[in-house]
Amino acid sequence: MPKTETAPAVAAGPYRNDDAWALAHGTAVAAYKKDPVARQTVRVLTHLAWRAPGSAVAWHAKTDASMVAHADTVGATAGTPLHEAMAAAVATLPAGDAKDALTAATVALAPAKKK
């Protein structure tokens, strides 16, 4: 009997609860602490990580305006599907191991495509 392959399970909870994503995020925090633009992007990712991959970007009324403005510049505008916003923001980070780890962890949490 042939083996059937199953799709990997997608996290139902927030990004921050996924071990691989949390580890990659921690690496990025350390790697980009001296780069003000990348550090601001990681701050956006930190805020977005409280949501699940299948949700959309939304900001609380009291969210810091400079963070929201930077989020807009990295593709994380309100209403954008969260996974797309997360991938777009990660793509703006400088090349390196931290970006590679965040990219891989983010791709692994991609919501299943609807048929």
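None of the figures in this text is laboratory data; all of them are computed from the coordinates on show. Note that the coordinates shown come from a computational prediction; the quantities given were computed from them, not determined experimentally. Reconstructed Cβ throughout: ideal geometry from the backbone, glycine too, with neighbour counts over all protein chains shown.
Structural remarks
- Test for residue 89: is it assigned to a helix (DSSP H, G or I), touching a helix residue (DSSP H, G or I) at 6+ places or on another chain (Cβ under 7 Å) and over 15 Å from residue 41 (Cα atoms): no
- Filter result (touching a Ser or Thr at 6+ places or on another chain (Cβ under 8 Å) and surrounded by 15 or more Cβ atoms within 10 Å (Cβ to Cβ)) within region 41-64: 41, 47, 57
- Inter-residue pairs, beta-carbon under 6 Å, first closer than 18 Å to residue 32 by Cα and in region 92-115, second assigned to a loop (DSSP other than H, G, I, E, B) and of a type in the set (A, V, I, L, M, F, W, C), 6+ apart: 92/74; 99/93
- Residues located in region 65-79, provided they are farther than 15 Å from residue 49 by Cβ, touching a helix residue (DSSP H, G or I) at 6+ places or on another chain (Cβ under 8 Å) and surrounded by 16 or more Cβ atoms within 10 Å (Cβ to Cβ): 70, 75
- The residue that is farthest from the chain's Cα centre (by Cα), counting only those in region 14-35 that are without any contact (Cβ under 8 Å) to a residue 60 or more places away in the chain and farther than 23 Å from residue 54 by Cα, is 34.
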